[in-house]
1. Does region 151-208 hold any residues that are in contact with a strand residue (DSSP E or B) (Cβ under 7 Å, 6 or more places away or on another chain) and charged (D, E, K, R), and which are they?
2. Can you tell me how many residues in region 187-201 are in contact with a helix residue (DSSP H, G or I) (Cβ under 6 Å, 6 or more places away or on another chain) and either closer than 27 Å to residue 132 by Cβ or surrounded by fewer than 23 Cβ atoms within 10 Å (Cβ to Cβ) (or both)?
3. From the set of residues in region 166-193 that are over 22 Å from the mean Cα position of the chain (by Cα) and assigned to a loop (DSSP other than H, G, I, E, B), which is nearest to the ligand (Cβ to nearest atom)?
4. Restricting attention to region 38-61, which residues are crowded, with 21+ Cβ neighbours inside 10 Å and either in a helix (DSSP H, G or I) or among the acidic types (Asp, Glu) (or both)?
5. If you scan region 273-289, which residues turn out to be over 22 Å from the mean Cα position of the chain (by Cα) and surrounded by fewer than 20 Cβ atoms within 10 Å (Cβ to Cβ)?
6. Only residues that are under 19 Å from the mean Cα position of the chain (by Cα), surrounded by fewer than 20 Cβ atoms within 10 Å (Cβ to Cβ), free of Cβ contacts under 8 Å to residues at least 60 places away in the same chain and more than 16 Å from the ligand (Cβ to nearest atom): list them for region 138-165, please.
7. Among the residues of region 397-427 satisfying the criterion of being hydrophobic (A, V, I, L, M, F, W, C) and crowded, with 17+ Cβ neighbours inside 10 Å, which is farthest from the chain's Cα centre (by Cα)?
8. Somewhere in region 241-249, is a residue without any contact (Cβ under 8 Å) to a residue 40 or more places away in the chain, in the same structural domain as residue 188 (by TED's automatic domain parsing) and away from the ligand (no atom under 13 Å from the Cβ)?
Amino acid sequence: MAKSYHIITFGCQMNERDSETLAGMLEAQGYVFEEEPKKADVVLLNTCSVRENADKRFFGVLGQLKNPHERNPEMIVGVCGCMMQQQRIIDMLKSKYPWVDLVFGTYNIGEFPRLFANISREKKMLVEVWESGKPMEEGLPQSRAFKFKSYVNIMEGCNNFCSYCIVPYTRGRERSRRPEDILAEIRALAQDGCKEVTLLGQNVNSYGRAKSIEGSYNWVTDEPHLDFAGLLREVDKIPGIERIRFMSSHPKDLSDDMIACFGELKHLCRQIHLPVQSGSTEILQKMNRHYTKEQYIALVEKLRAACPQIAISTDIIVGFPGETEADFEETVDLCEKVRYDSAFTFLYSVREGTPAAKDPEQVPEAVKHQRFDRLLDVMHAIQEDKSAADQDQIYDVLVEGQSKTDPGMLTGKNEFGKTVDFKGGERLIGQIVPVRIVKAQTFSLYGELL
Ligand code: SF4
């Protein structure tokens, strides 16, 4: 019988994409996916360190694997991803979870088959974590979660050092893939039936700009040059690709040329995730974000001038160190001005190793929670209003599968990234179909197939 694997992924889309690579490597060795982690022969946990509760969740999930691992002498448990780039986590694993078989980091995912071959349960934990990255590796296998849509990494790492963020320390400096490699990957995906690609990077707007890693693509020295807008224009020409999305964008690097793409490109979805983090210029400065509240609002105005229907989502951190009541009111004011289609709001949580963690002006938890609730009320009212406008609209929906809440329904996404549930046969999965919205709720849309 074939051996089985299960991968538990925490965090962002880049981690999801990395997990698809790990799955591809295991499947290349004959392993098959097992739904139930405790029954799998190999379990990998691909971790995230952006927020404190992701750390806690990781240790909780890992702890649950101890007994199955003890019971099954063949079972291998490996951990990887951003958390492993921090020495304190490795120390904790060695002292409290010595039974873990393999530990590796974000830079050496490509080494997984070699590391995997060297695991021996009789020996102690195999730890190999690199401290910095090479250019992004090409040609690694991938087991895609969906045939009709796919993530495509275009760059990795970040040079921005926002003062609250651990990513530049765990994913390293920016490295961009060569445009020809990205375009070849997307052409192959399209030939395989993929209709939607999401281009991924910590800051896609600075694609190709960084010079720091030798061998990575950068248009300061490489010819001919393609920046992110240029790359989007090339992807837009690939036959079969009907939808293009991207994540994530730093407002300071959002160029006019990039904004123009929303009015110009046929397949670029009219949706952008543009993390603002705070509406207070003072707090933005402390966050090291390099834009003001006014500059951010001006960007939103430009986006809406180029593409009036564009859906805009954001991330907001509530209770950043030093945030006063007046600063928080600036955030509320910005949200009311921008009227986001959706927002991910987070309570500030200390990330050890970042400058903000040492800030003496930490906001008391009770104040953070109270502001958080107030902001949610503001956002809900805006989103309720916006959703009401979806009533009776007809959207093209890429059908992703059965609805998780009601298996009798199908679920998919419209161009604006909103989830739409409707009744229909399984044969529609993977197709783009027209759906009229018959019930528009704040966070969910229900429709009928036309
Ligand atoms: S842009 Fe800022 S928040 Fe985003 S990954 Fe880089 S440092 Fe973190």
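The values are calculated or read from the model by the stated rules, or taken from the named source; none is laboratory data. Here the structure is a predicted model, which means the values were calculated and not measured. Cβ coordinates were reconstructed from backbone atoms using ideal geometry, including for glycine residues, and neighbour counts include every protein chain displayed.
1. 156, 171, 174, 175, 177, 185, 195, 196
2. So the first thing to find is which residues in region 187-201 are in contact with a helix residue (DSSP H, G or I) (Cβ under 6 Å, 6 or more places away or on another chain), and the list is 197, 200.
Add one more test, that the residue is either closer than 27 Å to residue 132 by Cβ or surrounded by fewer than 23 Cβ atoms within 10 Å (Cβ to Cβ) (or both), and what stays is 200.
So the count comes out to 1.
3. This residue is 192.
4. The answer is 55, 58.
5. Hits for region 273-289 are 281, 282, 285.
6. none
7. Within region 397-427, the subset hydrophobic (A, V, I, L, M, F, W, C) is 397-399, 409-410, 416, 420, 422.
In the following step, the residues that additionally are crowded, with 17+ Cβ neighbours inside 10 Å were identified as 397-399, 410, 416, 420, 422.
Values: 397: 21, 398: 19, 399: 21, 410: 24, 416: 17, 420: 21, 422: 26 Å.
Taking the candidates together, the pick is 422.
8. no
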